[in-house]
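Derivation of every value follows stated rules applied to the coordinates shown; laboratory data play no part. All values derive from a computational prediction rather than experimental measurement. Here the Cβ positions follow ideal geometry from the backbone for every residue, glycine too, while neighbour counts run over all protein chains shown.
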Amino acid sequence: KAKQNNRGRFLIYQPQMDEEVSEKLNITTGLRQALSNNEFELYYQAQYNQAEQIVGAEALIRWIHPEKGMIPPFKFIPIAEETGLINQIGDWVLKTGFEFLANNPNFRGNLSLNVSAWQFARPDFVPSMLAMISEAQIDVTQITLEVTESAVLTDITETIKKLSEIRSLGIKVALDDFGTGYSSLAYLKNLPLDILKIDKTFIDELETNDRPPLLESMLSIGHHMGLKVVAEGVETQLQLARLIQMKCPVFQGYYFAKPVPKAEFLTLINQEKAIS
Ligand code: C2E
Ligand code: MG
Ligand code: MG
Ligand code: MG
């Protein structure tokens, strides 16, 4: 009876919070199990040039839960960041991506790996990544790290140092979700980058506008700063045609390919004629 009352009170005052907290706890426990039971999988989404050849891929994590099935990253990455589990998960992503490159020399393109803000902020991020790279015995020039604006804005001086170090090793750096964060052009100017990834929200506008002004500006900024631009979330032929008109060089999106498991991705690249 008392238990019922307690529960009732909770439900009256903060039902949503209660649910959120228990959902978070569930996921946290689940993530620890997922790490020890190998429930994560890397999917690969191909990236294409204007000639529609595969020039690279982005690795995207999936959690294949034994009972709940596939859990998308937006449901667990934020919680992994809050709990610190992102460090182990992030290491797993890097290690798995590097192993992919080591084991598939016929993939000559670039492999993009997402790095979370917390992971990037770790003082040992670069040395620990280098240890994994030398373990895998791979060519670093095939690696791109994707960082977000929130990752690079935490400590701008430290970020510039770290990014310069990473680039001096021959690893490329992409700024992910460009246009959605708060970074000003003044920051952008000082960031050692190779690639700008324009967020899908700007690509969506191409459906109703053949030259959206913000998209055009972002492409122009990328061009003038000597950065390669990747359009994310290209879903239609119309969007692609308009992006080509605007001289965008690289595309990623469902129009070309969805993120797929490794075996399927290997089939996809083997179907292609060799790219030089
Ligand atoms: P992101 O890095 O910006 O990745 C692009 C997201 O857009 C992916 O979602 C991809 O599946 C989706 N996408 C690509 N093309 C299309 C399209 O044409 N239409 C639509 N509707 N969506 C498209 P996903 O795989 O669910 O990942 C979401 C986010 O989770 C990623 O955004 C990234 O921030 C994070 N994430 C994924 N994998 C990792 C990882 O290994 N480590 C870290 N730290 N974060 C990751
Ligand atoms: Mg990304
Ligand atoms: Mg993105
Ligand atoms: Mg995103």
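Taking only C-alpha pairs under 8 Å that are 6+ residues apart, what is the relative contact order of the chain in percent? Can you show the working numbers first?
Numbers: 398 pairs, mean separation 49.7, N = 276.
It rounds to 18 percent for the chain.
Which of A151, A80, A51 ends up with the largest GNM mean-square fluctuation for the chain, with Cα atoms connected below 10 Å?
Of A151, A80, A51, the Gaussian network model singles out A51 as fluctuating most.
If a/c stays under 1.5 just call it rounded; otherwise compare a/b with b/c (prolate if a/b is bigger, oblate if not). Do that for the stretch 74-159, with a ≥ b ≥ c from the square roots of the Cα gyration tensor eigenvalues. Walk me through the intermediate numbers first.
Working: a/c = 1.90, a/b = 1.63, b/c = 1.17.
Note, shape of the stretch 74-159 comes out prolate.
Taking 0.36 nm per residue of sequence separation and subtracting the Cα-Cα distance, how much length would be gained by fully extending the chain between I64 and T201, in nm to one decimal? Walk me through the numbers before you get to the answer.
Values: separation 137, 0.36 × 137 = 49.32 nm, distance 2.75 nm.
Here the answer is 46.6 nm.
How would Y187, Y44 line up from fewest to most surrounding beta-carbon atoms within 10 angstrom? Walk me through the numbers before you get to the answer.
Values: Y187 16, Y44 25.
In order of increasing Cβ crowding within 10 Å: Y187, Y44.
Below 8 Å, C-alpha to C-alpha, sequence gap of six or more: please give me the relative contact order for the stretch 74-222 in percent.
Numbers: 165 pairs, mean separation 26.3, N = 149.
In percent, rounded to a whole number, it is 18.
Within the stretch 201-273, list the GluC sites (Glu not before Pro) lying in a DSSP loop whose Cβ has at most 13 other Cβ atoms in a 10 Å radius. Kindly include the intermediate steps, with their values, before the conclusion.
Details: sites: E205, E207, E216, E232, E235, E264, E272; in loops: E235, E272.
Sparse-neighbourhood loop GluC sites (Glu not before Pro): E272.
For E146, what residues show an amide H to amide H distance below 5 Å, using hydrogens built from the backbone and excluding near sequence neighbours?
Excluding prolines and chain starts, which carry no amide H, the hits are L113, N114, V115, A174.
Once the dipole of the stretch 1-153 is set up with Lys and Arg at +1 and Asp and Glu at -1 on Cβ about the Cα centre, which of Q33, G90, N49 lies farthest towards its positive end?
Value computed over the given set: Q33.
Quick check: from the Cα gyration tensor, does the stretch 154-276 come out rounded (a/c under 1.5), prolate or oblate? Show your work: numbers first, answer last.
Values: a/c = 2.09, a/b = 1.21, b/c = 1.72.
Oblate, since a/c reaches 1.5 and b/c is not below a/b.
Using only DSSP helix segments of four residues or longer, with each worth -39500 (n - 2.57), what per-residue ellipticity at 222 nm results for the chain after dividing by its residue count and rounding to 500? Show your work: numbers first, answer last.
Numbers: 13 runs with 141 residues, N = 276.
Only helices count here, giving -15500 deg cm²/dmol.
Let me spell out the model: positive unit charges on the Cβ of Lys and Arg, negative unit charges on the Cβ of Asp and Glu, origin at the Cα centre of the chain. What dipole size does that give, in debye rounded to 20? Could the numbers behind the result be given before it?
On the way: 26 positive and 34 negative charges, 61 e Å.
Approximately 300 debye in magnitude.
Below 14 angstrom from the Cβ of T208, what's the summed charge of the other residues (Lys, Arg +1; Asp, Glu -1)? Mind dumping the intermediate values first?
Details: positive: R211, R242; negative: D204, E205, E207, D210, E235.
Local net charge: -3.
Just to be sure I understand the model, the point goes 7 Å from the Cα along the line to the Cβ. What's the resulting H224 to A263 distance in nm?
Inter-label distance under the simple model: 5.0 nm.
With only Lys, Arg, Asp and Glu charged, each at its Cβ (+1 for the first two, -1 for the last two), find how big the charge dipole of the stretch 24-141 is about the Cα centre; round to the nearest 20 debye. It would help to have the intermediate numbers written out before the result.
Values: 8 positive and 12 negative charges, 50 e Å.
Using Cβ point charges on Lys, Arg, Asp and Glu, the stretch 24-141 gives about 240 debye.
Out of the stretch 32-83, which trypsin sites (Lys or Arg not before Pro) are coil in DSSP terms and have no more than 14 other C-beta atoms within 10 Å? Please report the intermediate quantities before stating the final value.
On the way: sites: R32, R62, K68, K75; in loops: K68.
Qualifying residues, ordered by number: K68.
With +1 on the Cβ of every Lys and Arg and -1 on the Cβ of every Asp and Glu, and nothing else charged, how large is the dipole of the stretch 93-190 about its Cα centre, in debye rounded to the nearest 20? Let's see the in-between values first.
Details: 8 positive and 11 negative charges, 42 e Å.
The dipole magnitude comes to about 200 debye.
Tell me, in nm to one decimal, what length is gained between T208 and K161 on full extension, where the rule is 0.36 nm per residue of separation less the Cα-Cα distance? If you can, show how the numbers build up before the last one.
Working: separation 47, 0.36 × 47 = 16.92 nm, distance 4.12 nm.
12.8 nm is the gain from fully extending T208 to K161.
If you build a Gaussian network model of the chain, linking Cα atoms that sit under 10 Å apart, which residue out of S220, S22, S116 swings the most?
S22
How would you rank W63, W92, W118, going from fewest to most other Cβ atoms within 10 Å of each one's own Cβ?
Numbers: W63 22, W92 16, W118 19.
Listed from fewest to most nearby Cβ atoms, that is W92, W118, W63.
Along Cα→Cβ, 7 Å out, is where each label goes; now give me the distance between the ones at K189 and F74 in nm to one decimal.
Those two pseudo-labels are separated by 3.5 nm.
So which trypsin sites (Lys or Arg not before Pro) in the stretch 159-257 end up in coil per DSSP with only 13 or fewer other C-beta atoms within 10 Å? Walk me through the intermediate numbers first.
Working: sites: K161, K162, R167, K172, K189, K197, K200, K228, R242, K247; in loops: K247.
Sites meeting the loop and neighbour criteria: K247.
Note down the Stokes-Einstein diffusion coefficient of the chain in µm²/s, whole number, using a Kirkwood radius over alpha carbon pairs, 25 °C, and 0.890 mPa s.
Details: Rh = 20.3 Å.
Result for D is 121 µm²/s.
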